[in-house]
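Peer 1: Starting off with a structure, shown below.
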Amino acid sequence: MSRAIQIQQFGGPEVLQLVDLPVGEPGPGEIRVRHHAVGLNFIDVYQRTGLYPNALPLSLGMEGAGMVEAVGPEVTHLQPGDRVAYASAPPGSYCELRVMPAKCVVQLPDAIDFETGAAMMLKGLTVQYLLRRTQPQGGLQAGDFILFHAAAGGVGLIACQWAKAMGLQLIGTAGSDAKCELAKAHGAAHVINYQTEDFVARVKEITGGAGVKAVYDSIGKDTFERSLDCLAPFGLLANFGNASGPVAAFNLGLLGAKGSLYVTRPTLFTHIATRERTQAMADDLFGMVTSGAVSIPIDQRYRLEDVAQAHRDLEGRRTTGCTVLTL
């Protein structure tokens, strides 16, 4: 048996229940992993509320780190005793022990502890595919301006550091002066407090009226259309989250009128669909972390049984950096 967090219905943090679930043996292509730490992400909120629908009852959580206890047939890249980390579907990491598909689970370098591994996988792999693989026409070169919303969040603070390592001029938005300072301390070239400043006007001021080559937006509804106004001609808007709600339908003609713009809605799970691609992306992430170019800020820790409060704090924008659940 394993202690786990499960929901029986969609709703607020109050639907999160601590239960005991049976854990069996891994089948073909599966492993059994004992978690040492589990990561918290906004996608967990989307699944809890039903914005991203799943069958009920539902065990939540998309990333974790721990030790392999057993491997099933056809698993060749892992063995019992391996230190591992993952960001993977299906959900279910909010638990002590689980059986899960092995293809998105990778060995965790000895230089990276379990809490860091649990905190970094979903957010770090998201930054990897955004900055390395989701680029505007002509790519991104050192000196280029990009806009990154929610720059003081878990994904944002990793992106600030990664962009700096690439030589990019990252303009970060956040909801307070303190959060702006945090983003700047992690490598943002410029910061904008969207509560007190017009971020479109400030972007135009910072770029001398030219706009940015790319906008990376996890906020969604509240920022989408104004983010388009921040782009240079042929610029790219990558909407990769819905913190303020899903983006409403809009007239595609706006993209032409605003400068032949590009819009994409990527997801991490398309990028990590194969073990080979997952490994390559993880190797890039691990290299950035072990080299010191990127540090993983864990600013909040909650016990597994306190996960409802963790969700309240995440939704209330009272968190910065990464959050882990401890077991």
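The values are calculated or read from the model by the stated rules, or taken from the named source; none is laboratory data. Source: prediction; values computed, not measured. Because the Cβ atoms are built from the backbone with ideal geometry, glycine has one as well, and the counts that use them run over all protein chains shown.
Peer 1: For segment 185-206, which residues satisfy the criterion of being assigned to a helix (DSSP H, G or I) and among the small types (Gly, Ala, Ser)?
Peer 2: First pass over segment 185-206, keeping only residues assigned to a helix (DSSP H, G or I): 185, 199-206.
Selection gives ALA185, ALA201.
Peer 1: Which residue is nearest to the chain's Cα centre (by Cα), if the candidates are limited to segment 257-310 and must be closer than 30 Å to GLY29 by Cβ and among the hydroxyl-bearing types (Ser, Thr, Tyr)? Give the derivation first.
Peer 2: As a first pass, look at segment 257-310 and keep what is closer than 30 Å to GLY29 by Cβ: 265-290, 296, 304, 307.
From what's left, among the hydroxyl-bearing types (Ser, Thr, Tyr): 267, 270, 274, 278, 290.
Working: THR267: 10, THR270: 14, THR274: 19, THR278: 15, THR290: 19 Å.
Checked segment 257-310; the qualifying residue nearest to the chain's Cα centre (by Cα) is THR267.
Peer 1: If you go through segment 164-191 one residue at a time, how many are under 17 Å from ALA232 (Cβ atoms) and either of a type in the set (A, V, I, L, M, F, W, C) or touching an Asp or Glu at 6+ places or on another chain (Cβ under 9 Å) (or both)? Explain how you work it out, then say what you get.
Peer 2: The initial filter retains those residues of segment 164-191 that are under 17 Å from ALA232 (Cβ atoms), namely 168-171, 189-190.
If we keep only those that are either of a type in the set (A, V, I, L, M, F, W, C) or touching an Asp or Glu at 6+ places or on another chain (Cβ under 9 Å) (or both) as well, we get 168-171, 189.
Selection size over segment 164-191: 5.
Peer 1: Which helices (runs of 4 or more DSSP H) sit wholly inside segment 230-320 and have at least 3 residues that are farther than 22 Å from ALA111 by Cα and among the hydrophobic types (A, V, I, L, M, F, W, C)?
Peer 2: Working: elements: 253-257, 268-271, 275-290, 307-315.
Correct list: 253-257, 307-315.
Peer 1: Conditions: (1) more than 29 Å from ALA65 (Cα to Cα); (2) without any contact (Cβ under 8 Å) to a residue 40 or more places away in the chain; (3) surrounded by 18 or more Cβ atoms within 10 Å (Cβ to Cβ). ASN239 meets all but one. Number of the miss?
Peer 2: (1)
Peer 1: Looking only at segment 216-230, decide whether some residue is free of Cβ contacts under 8 Å to residues at least 60 places away in the same chain, exposed (fewer than 13 other Cβ atoms within 10 Å of the Cβ) and either more than 20 Å from ALA163 (Cβ to Cβ) or not assigned by TED's automatic domain parsing to the domain that holds ASP198 (or both).
Peer 2: Within segment 216-230, the first condition is being free of Cβ contacts under 8 Å to residues at least 60 places away in the same chain, and the residues that meet it are 220-222, 224-226, 228-229.
Add one more test, that the residue is exposed (fewer than 13 other Cβ atoms within 10 Å of the Cβ), and what stays is none.
Within segment 216-230, none of the residues are free of Cβ contacts under 8 Å to residues at least 60 places away in the same chain, exposed (fewer than 13 other Cβ atoms within 10 Å of the Cβ) and either more than 20 Å from ALA163 (Cβ to Cβ) or not assigned by TED's automatic domain parsing to the domain that holds ASP198 (or both).
Peer 1: If GLY209 meets every condition in (1) in contact (Cβ under 8 Å) with a residue 40 or more places away in the chain; (2) under 14 Å from GLY259 (Cα atoms); (3) part of a loop (DSSP other than H, G, I, E, B) apart from one, which number is that one?
Peer 2: That leaves (1) as the condition not met.
Peer 1: Could you grab me the full set of residues in segment 283-311 that are more than 28 Å from SER2 (Cα to Cα) and of a type outside the set (A, V, I, L, M)?
Peer 2: ASP283, ASP284, PHE286, GLY287, THR290, SER291, GLY292, SER295, PRO297
Peer 1: Does ALA282 satisfy the condition of being surrounded by 13 or more Cβ atoms within 10 Å (Cβ to Cβ) and modelled with pLDDT of 95 or more?
Peer 2: On the way: surrounded by 13 or more Cβ atoms within 10 Å (Cβ to Cβ): yes; modelled with pLDDT of 95 or more: yes.
In short, yes.
Peer 1: For segment 61-83, check the following and say yes or no: at least one residue is of a type in the set (Ser, Thr, Tyr), in the same structural domain as HIS311 (by TED's automatic domain parsing) and surrounded by 17 or more Cβ atoms within 10 Å (Cβ to Cβ).
Peer 2: Applying the first criterion (of a type in the set (Ser, Thr, Tyr)) to segment 61-83 yields 76.
From the residues that got through so far, the ones that are in the same structural domain as HIS311 (by TED's automatic domain parsing) too are 76.
When the remaining residues are screened for being surrounded by 17 or more Cβ atoms within 10 Å (Cβ to Cβ), the result is none.
No.
Peer 1: Hey, another quick one. In segment 167-202, which residue that is touching a Phe, Trp or Tyr at 6+ places or on another chain (Cβ under 8 Å) and under 16 Å from LEU231 (Cβ atoms) is surrounded by the fewest Cβ atoms within 10 Å (Cβ to Cβ)?
Peer 2: Top of the filtered list is GLN169.
Peer 1: Of the conditions (1) outside the structural domain of PHE148 (by TED's automatic domain parsing); (2) touching a strand residue (DSSP E or B) at 6+ places or on another chain (Cβ under 8 Å); (3) loosely packed, with under 13 Cβ neighbours inside 10 Å, GLY292 clears all except one; give me its number.
Peer 2: Every listed condition holds for GLY292 apart from (2).
Peer 1: Only one of LEU58, LEU51, LEU40 is more than 16 Å from the chain's Cα centre (by Cα), assigned by TED's automatic domain parsing to the domain that holds THR320 and modelled with pLDDT of 95 or more. Can you tell me which?
Peer 2: On the way: LEU51 fails: modelled with pLDDT of 95 or more; LEU40 fails: more than 16 Å from the chain's Cα centre (by Cα).
Only one candidate passes the filter, namely LEU58.
Peer 1: Restricting attention to segment 27-58, report how many residues are within 30 Å of PRO73 (Cβ to Cβ), basic (Lys, Arg) and out of contact with any Gly (no Cβ under 6 Å at 6 or more places or on another chain).
Peer 2: 1
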